[in-house]
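Q: Got a structure for you, written out below as structure tokens; questions coming shortly.
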Amino acid sequence: MGAGKTTVGTQLAARLGLPFTDTDQVIEQRAGRPVRQIFAEDGEPEFRALEHEVIAALLDGPPMVLSLGGGAPESPPTRDRLASDPAAQVVYLQVGYEEALRRVGGDTGRPLLARPDLAALYQRRLPLYAEVATLTVRTDGRGPHAVAEEVLARLPAGGRAPYRPLAP
């Protein structure tokens, strides 16, 4: 949350000539309601199950730049699926806690911002992001263009290889 997945992902997709897809948007389309409503009515476990189904289906599809929700790597099946896809380049856009909060501020569309244990949740997810990442890029204090350029420069074959780049 607040790492720049959507902005950087959109730029990467344009540069790579691939479509950009945000899993939260696909989930909302499939469920017919916003993520915050799914969380409120069905709870986080149901949301994570739907999220895993969406991610697995998208990974089975054509190459794209795919933005994953911040909690996706907490699901062991999702982590396994990301690790088992030889075409996936999982890019961890690393952002510090304070920087992430500054970027997302009072966005009421983000249900996790209301959690009293948000700082602990952030800390718990860090090693999971590192576990699934094939590439880690720091975003603190950097604009999305600079981050996208670094990702492109560090991708195998400078972003020209046929693979499915991802941004958790």
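Q: Over the chain, what relative contact order in percent results from Cα pairs under 8 Å that are six or more residues apart? Walk me through the intermediate numbers first.
A: Details: 225 pairs, mean separation 59.6, N = 168.
35 percent.
Q: Want the number for Thr136 to Arg115: 0.36 nm per residue separation, take away the alpha-carbon distance, what's left?
A: Details: separation 21, 0.36 × 21 = 7.56 nm, distance 2.64 nm.
4.9 nm is the gain from fully extending Thr136 to Arg115.
Q: Also, I was wondering about something else. Using a Gaussian network model of the chain whose springs link C-alpha atoms within less than 10 Å, name the residue from Gly70, Gly32, Gly96 with the highest mean-square fluctuation.
A: Maximum fluctuation in the GNM of the chain, among the listed residues, is at Gly32.
Q: Would you be so kind as to identify which of Gly69, Pro45, Val95 lies farthest towards the positive end of the dipole of region 40-129, taking Lys and Arg as +1 and Asp and Glu as -1 on Cβ and the Cα centre as origin?
A: In region 40-129, that residue is Val95.
Q: Still on this structure, please answer the following. Hey, in the GNM for the chain with a 10 angstrom Cα cutoff, which one of Gln29, Gln11, Gln89 fluctuates hardest?
A: Gln29
Q: What number comes out for the charge environment of Thr23, summing +1 per Lys or Arg and -1 per Asp or Glu over other residues with Cβ under 12 Å away? Let's see the in-between values first.
A: On the way: positive: Lys5, Arg30, Arg48; negative: Asp22, Asp24, Glu28, Glu51, Glu53.
Net charge in that neighbourhood comes out at -2.
Q: Rounding to the nearest 20 debye, state how big the charge dipole of region 1-134 is about its Cα centre with +1 on each Lys and Arg Cβ and -1 on each Asp and Glu Cβ.
A: Details: 14 positive and 18 negative charges, 74 e Å.
Value, rounded to 20: 360 debye.
Q: How do 1-9, 130-138 rank on mean C-beta neighbours within 10 Å, highest first?
A: On the way: 1-9: 22.3, 130-138: 16.6.
In decreasing order of mean packing, 1-9, 130-138 become 1-9, 130-138.
Q: For Gly69, enumerate residues with amide H under 5 Å from its amide H, sequence gap 5+ or separate chain, H modeled in the peptide plane.
A: Correct list: Thr23, Asp24.
Q: Distance from a point 7 Å along Cα→Cβ of Arg36 to each backbone N in region 111-148: keep the residues under 11 Å and list them by number.
A: 111-114
Q: Under 5 Å between amide H atoms, partner at least 5 residues away or on a different chain: which partners does Gln94 have, H built in plane at 1.01 Å?
A: Placed amide hydrogens put Val137, Arg138, Thr139 under 5 Å from Gln94.
Q: Which residues' amide hydrogens lie under 5 Å from the amide hydrogen of Ala88, considering only partners 5 or more residues apart or on another chain, with H built in the peptide plane?
A: For Ala88, the qualifying residues are Arg164.
Values in this text are rule-based calculations from the coordinates and carry no lab data. The shown structure was predicted, so the numbers you read here are calculated from the model rather than taken from an experiment. All Cβ positions, glycine included, derive from the backbone under ideal geometry; neighbour counts span all protein chains shown.
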